[in-house]
1. Restricting to the range B:57-74, name every residue that is within 9 Å of chain A (Cβ to nearest Cβ) and either crowded, with 22+ Cβ neighbours inside 10 Å or under 30 Å from residue A:391 (Cβ atoms) (or both).
2. Going by what's in this entry, would residue B:99 be described as at positive phi, facing another protein chain (nearest Cβ under 9 Å) and in contact with a strand residue (DSSP E or B) (Cβ under 8 Å, 6 or more places away or on another chain)?
3. Say whether the condition of being in contact with a Phe, Trp or Tyr (Cβ under 9 Å, 6 or more places away or on another chain) and either away from chain B (no Cβ under 14 Å) or not charged (D, E, K, R) (or both) is met by at least one residue in the range A:442-450.
4. Inspect the range A:244-257 for any residue being touching a Gly at 6+ places or on another chain (Cβ under 6 Å) and among the charged types (D, E, K, R) and give the result as yes or no.
5. Taking into account only those residues within the range A:205-241 that are in contact with a strand residue (DSSP E or B) (Cβ under 9 Å, 6 or more places away or on another chain) and part of a helix (DSSP H, G or I), which is surrounded by the most Cβ atoms within 10 Å (Cβ to Cβ)?
6. Just one of A:29, A:42, A:17 is in contact with a Leu (Cβ under 9 Å, 6 or more places away or on another chain) and either at pLDDT 95 or above or buried (at least 22 other Cβ atoms within 10 Å of the Cβ) (or both); which is it?
7. Pick from A:52, A:2: which is under 19 Å from residue A:109 (Cα atoms) and hydrophobic (A, V, I, L, M, F, W, C)?
8. Name every residue in the range B:75-112 that is β-branched (Val, Ile, Thr) and either surrounded by 17 or more Cβ atoms within 10 Å (Cβ to Cβ) or in contact with a His (Cβ under 9 Å, 6 or more places away or on another chain) (or both), in order of residue number.
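The values are calculated or read from the model by the stated rules, or taken from the named source; none is laboratory data. Worth saying up front: this structure is predicted, and the values here are computed from it rather than measured. Neighbour counts run over all protein chains shown; Cβ positions are idealised from the backbone, glycine included.
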Amino acid sequence: MIAELGHFSLVLALAMAIIQSTFPIMGAAMGNLTYMSLARPAARLQFLFVSISFGILVYSFLINDFSISYVANNSNTLLPWIYRFSAVWGAHEGSLLLWILILSIWTIAVTYFSHRLPEYFLSRVIGVMGLVSIGFLLFMLFTSNPFERIFPIPLDGADLNPLLQDPGLIIHPPILYMGYVGFSVAFGFAIAALLGGNLDTTWARWSRPWTLLAWIFLTIGIALGSWWAYYELGWGGWWFWDPVENASFMPWLIGTALIHSLAATDKREIFKNWTILLAICAFALSLLGTFLVRSGVITSVHAFATDPTRGIFILALLAIFVGGSLVLYAFRAPSTKSGGKFKLLSRETFLLFNSILFLVAMLTVLLGTIYPLIIEALNLGKLSVGAPYFNAVFVPIMAPLIIFLGLGVLTKWKQDDFSLLLKQLRNLLIASLFIGISIGLIFFENNQLKSIAGIVAALWISTTSLYSLFVKIKNKKNKLAAMRIISRSFYGMLVAHIGFAVCIVGITITSQHSVDIHQRMKIGDVIEFSNYQFHLKDLKAVSGPNYEATEAIVDVIKNESLITTLRSQKRTYTVRNMPMTEAGIDAGFTRDIYMALGEPLDNESWSVRLYHKPFVRWIWLGAILMAIGGLLAVLDKRYRLRILKKKIITINNEAIP
Amino acid sequence: MTSRKKRILIVSFILIGISIAATLILTAFEENLMYFYSPTEIANGEAPKVRAFRIGGLVLTNSVKRNPNDLKVTFVLTDTVNEIKVIYDGILPDLFREGQGIVANGKMKSDNIFVADEVLAKHDENYMPPEVAKALEDAGALNPYQENKVAK
């Protein structure tokens, strides 16, 4: 009975979504305030119904209601309750419901935090988001009802995929979806601006904090996914260029271009059309990501849920949203007046170049991701694109991007003086090169060139960023007071760029200097590896709530002192009879020691993988810094108009004496 | 500099950049395409001799042999019509089992020996890599995955 309520609640949510999209958009076109006033209540009611539905699904999982097919396929009485909870989004239907729930969360957030928006504009934004919601609710009701009953009712469930039984996977999907779906807000703002034909720059200012928030979530979501893959898959890798990873990385690349382009549109009234296109593109890529992950068209270790008919539905949705917005764009965009002028040597130019580079980077990833699908669809054979392709093309695209980043932060808006810029940059460049080369030569014996290139790039980004702060305060008497006046956006940019640099260091050193061995070991064996001794002390049987495991206990010794004791497990999840590896990791600021049990061999020995991964933590540390930078920018006072006015008055007062 | 000249300069910068990028991308792309061949296609001599490619099939029961002192392992992959011997040095994935469908990347060593750099098995005991399912279907074998499902 309660499951049917959940289903019915989704139908009600669809009804609300229809009201939420039709009336406000019509109202905005006709100037009918009554119609427009329906936007907020409809969005809030939709949220209520979606939440009820989601709550019922959670409840069904928690009480082990195996009469529901989705619960029976993804849960088990032995599954710990926290994983029964996260199993809600462990497969297709539930993750789709999560998608819709998150969309409605973003929508009501817009209704609550956008009091300053003109009513007609807000109505359009909410309306467009309602349209997206209609598409996904229809998709869900027609192809993927999570509340479908199963008969006969199984005695026990088929268990959650063991790969997903991990703390990282409890939070990774919701955060990633917050990012994906968050771009629907930027999309809503862009389409609302196109619909109204008011392509002035106010829409850019309004949508900036929202876009930044979505970008922050996506950044954290991707980093979490990478971290999870690192410790859970037991291969010591942190990025595989797997189609599902690419699916989240493409919107991130365009999202990054978008937040920079929005800044230019907001501050300098330029790139208006380009920014709109990027907003549409970011959301289209989020939809494409959903399609790739959820349709089962890709050969991927991640494709948990697979069903081709669903793929066609999502593809149709994608075609409607992208096609529709591009047609609208084609009609409206030519009428936009181009805004501020700028010279070749200006921050605008570098922002534009970087925007294009992000687009090119996205296209290369897109090519590698969907080319095999196209070839297969055309019956031209089966092929795959190897990770070396992505590595080979990505680095050369990032190189000019990094150079432009350093130039961009130091160049003024509108125009700059070339000789002055050169004078500033020369010292920074020499310093970066000198320090980078010294570090490379002192610390690394092999792959020196690549290591040096990465470190110099990171130093270039950090020094130019810090120098841009110095430029702002160097002529001020009271440096501390001057630093306090500088906007949070600026500090946000600083922190995010330094985060990027930290990430580059992590990626470079980990890729160039990680070492690993695959070795046969039995109890008592000692292996010398990377200046450490690994001593396999014991192998013992362990059992968990829904698995049996063998645990290896390994002492890591360096210079005759014990560094750490690693414990790695090889688990067999009993319900699905599926083996899983739990790696033993000693995490450190400058290196990780990583051990994973392979497989049992004859005469009581096991195959074991050992890794020494220097600076791998810096990759995720960099991502966290980028997210913190984004957060600082969101918290910038300029997005709160009243406070902003006050600030201008105080600044004027200070300036007068 | 006039705005016209400036625009030409920017556009040419972008064009040059994009053409360099396109060349780089397409070269790297061409080099890293991995085609898939089934044991039957290899037996027919369709697979490349030098270039790396992917192979897929079922691991033949009782064909997995390990070296006693290191991690070298050999096994036979089959699409039920033709067989091919695979040599691999390293740790096999968690779901590698006899009778299981797997995919391997590597090169041919001689006419029917394949040296794998990487062996992939999917993280689901019922899951058949699509390439393997297709290869079995082409070879006319009943898909054991389907059979399994029906029996359940």
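1. If the condition is that a residue be within 9 Å of chain A (Cβ to nearest Cβ) and either crowded, with 22+ Cβ neighbours inside 10 Å or under 30 Å from residue A:391 (Cβ atoms) (or both), then B:70, B:71 are the ones that fit.
2. When the stated conditions are applied, residue B:99 does not pass them.
3. Checking the range A:442-450: not a single residue is in contact with a Phe, Trp or Tyr (Cβ under 9 Å, 6 or more places away or on another chain) and either away from chain B (no Cβ under 14 Å) or not charged (D, E, K, R) (or both).
4. No - not one qualifying residue is present in the range A:244-257.
5. A:230
6. Checking each option against the conditions leaves just A:17.
7. A:52
8. B:76, B:78, B:80, B:84, B:86, B:91, B:102, B:103 - these are the residues of the range B:75-112 that are β-branched (Val, Ile, Thr) and either surrounded by 17 or more Cβ atoms within 10 Å (Cβ to Cβ) or in contact with a His (Cβ under 9 Å, 6 or more places away or on another chain) (or both).
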